[in-house]
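Below: one structure, written as structure tokens.
The values are calculated or read from the model by the stated rules, or taken from the named source; none is laboratory data. This one's a predicted model, so the numbers in the text were calculated from it and none came from an experiment. Virtual Cβ from ideal backbone geometry, glycine too; neighbours counted across all protein chains shown.
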Amino acid sequence: MEIIPLICLKKRKIVAEKEGDWLSINEVLERVDKDEKIYVLDIDGIEENKPNLCLYPKLSENHKIWVDAGPRVLGDVVDSIMAGATNITVRKKIWSELDISSIREITESEVYVDIGPKSQDIQSIDFPLLHDINGLVLFNNKNQIEIDFKYGSLLKNLCIKYKIYAYESNPKNFSYWKTLGVAGLLMDIRKSREFKKNEF
């Protein structure tokens with residue numbers, strides 16, 4: 001299972017966790033091996049349509065950055081790629097006229113779609129869309145999935161057929177996700193060493 005360190009960009013700064021302490025770019029780069037992927041959850045982009053494009057080039061100098069900045073139009077994807085993104089996450093709830101084929105025409109970058117938090121969100125996935133993307137990203141935690149049995153069941157079936165990456169903040173839940181069959185975990189950058197101990 002792949003382990004990918006995650007950082008949040010909020011208020012034009014880098015934060016280790018959704019509500020964590022601020023980090024400098026150098027602190028981030030010290031925690032991640034050269035050429036390793038970093039998942040960039042750009043809250044400013046997702047919530048306010050103001051992605052932190054100026055921070056991407058420094059992060060991408062020696063690392064592969066997977067950007068989740070809530071693009072709303074094709075130009076937003078182009079901006080992220082030009083700033084250094086190698087992977088992109090798009091969110092169907094933000095991009096109402098999402099057309100993966102138009103993204104494929106402009107880039108060979110990997111494209112992922114965010115899965116919503118409810119079982120209805122999985123049921124509403126446009127399955128022909130799945131043939132055009134590289135995989136799915138999930139931000140539900142283990143407890144949320146276990147409460148909704150239907151969601152867990154649908155997710156397990158999706159993991160058999162598609163590459164799914166899940167966000168996790170607790171290293172103790174590593175085996176749960178491994179059993180579920182996810183391709184990888186997005187974890188808070190400060191916990192990366194703990195997660196990597198569980199990797200094998």
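With the structure loaded, tell me whether Ile115 is in contact (Cβ under 8 Å) with a residue 40 or more places away in the chain and under 18 Å from Asp132 (Cα atoms) or whether it fails that test. Step through it out loud before you land on a result.
Details: in contact (Cβ under 8 Å) with a residue 40 or more places away in the chain: yes; under 18 Å from Asp132 (Cα atoms): yes.
It is true that Ile115 is in contact (Cβ under 8 Å) with a residue 40 or more places away in the chain and under 18 Å from Asp132 (Cα atoms).
Quick check on the range 97-116. Is at least one of its residues touching a helix residue (DSSP H, G or I) at 6+ places or on another chain (Cβ under 9 Å) and modelled with pLDDT under 85?
yes
Please give the strands (runs of 3 or more DSSP E) falling wholly within the range 37-101 in which 3 or more residues are of a type in the set (Val, Ile, Thr) and over 11 Å from Leu9 (Cβ atoms). Give the steps one after another, and end with the answer.
Working: elements: 37-42, 64-68, 85-90.
It comes to 85-90.
Within the set of pairs 6 or more residues apart or between chains, which connect a residue that is under 12 Å from Asp76 (Cα atoms) inside the range 86-102 to a residue that is outside any loop (DSSP other than H, G, I, E, B) and among the aromatic types (Phe, Trp, Tyr) with Cβ atoms less than 6 Å apart?
Thr89/Tyr112
So which residues in the range 1-50 are more than 22 Å from Leu138 (Cβ to Cβ) and among the basic types (Lys, Arg), if there are any at all?
Matches in the range 1-50: Lys11, Arg12, Lys13, Arg31, Lys34, Lys50.
For the range 102-118, which positions are crowded, with 16+ Cβ neighbours inside 10 Å and outside any loop (DSSP other than H, G, I, E, B)?
Ile103, Glu110, Val111, Tyr112, Val113, Asp114, Ile115
Output the qualifying pairs, or none if there are none: Cβ atoms under 7 angstrom, residues six or more apart or on different chains, first residue in the range 143-165 and part of a loop (DSSP other than H, G, I, E, B), second residue not small (Gly, Ala, Ser).
Between residues of the range 143-165 that are part of a loop (DSSP other than H, G, I, E, B) and residues that are not small (Gly, Ala, Ser), the close pairs are Tyr162/Leu130; Tyr162/Leu136; Lys163/Asn134.
State whether the residues of the range 124-133 include one that is under 23 Å from Val77 (Cα atoms) and either touching a Ser or Thr at 6+ places or on another chain (Cβ under 7 Å) or at pLDDT 80 or above (or both). Reasoning before the result, please.
Keep residues of the range 124-133 that are under 23 Å from Val77 (Cα atoms), which gives 125-133.
Within this subset, residues satisfying the condition of being either touching a Ser or Thr at 6+ places or on another chain (Cβ under 7 Å) or at pLDDT 80 or above (or both) are 132-133.
Yes; the residues of the range 124-133 include at least one that is under 23 Å from Val77 (Cα atoms) and either touching a Ser or Thr at 6+ places or on another chain (Cβ under 7 Å) or at pLDDT 80 or above (or both).
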